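Read the structure below first, then the notes.
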Amino acid sequence: MNSRWLHCAINSQLFDVLVLEQQFTAKYDQQLLGWAHTIPICADESCHTRQDLDKLIGRHE
C-alpha cells in the first residue's frame, strides 16, 4: 500500500494512530498545503535528501 493513498479521513482516537507514514506519491504534496489534518504525516516519499526539507514545510511534520 505504500504510495497508494490519495485522500484519507481517519479518526486517530478510534485507531490510536500517532503518525502516518506518507501513503501517497510526492506529486500530491501540494494538496497537503493548508490541509488541517489531525494526525501528523511523516514525509517518506517526499524526503530523500537534505535538499528536500524546505519543500516539506506546511505539508508534513
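Points to keep in mind about this one:
- Over segment 12-56, Cα pairs under 8 Å with separation of 6+ residues give a relative contact order of 42 percent.
- Relative packing of 29-37, 41-49, which averages over residues the other C-beta atoms within 10 Å, highest first: 41-49, 29-37
Since every read-out is calculated from the coordinates, none of them should be taken as a lab result. What you see is a predicted model, and the numbers here were worked out from it, not measured in a lab. Heads up, the Cβs are rebuilt from the backbone with ideal geometry, glycines too, and the neighbour counts pull from every protein chain shown.
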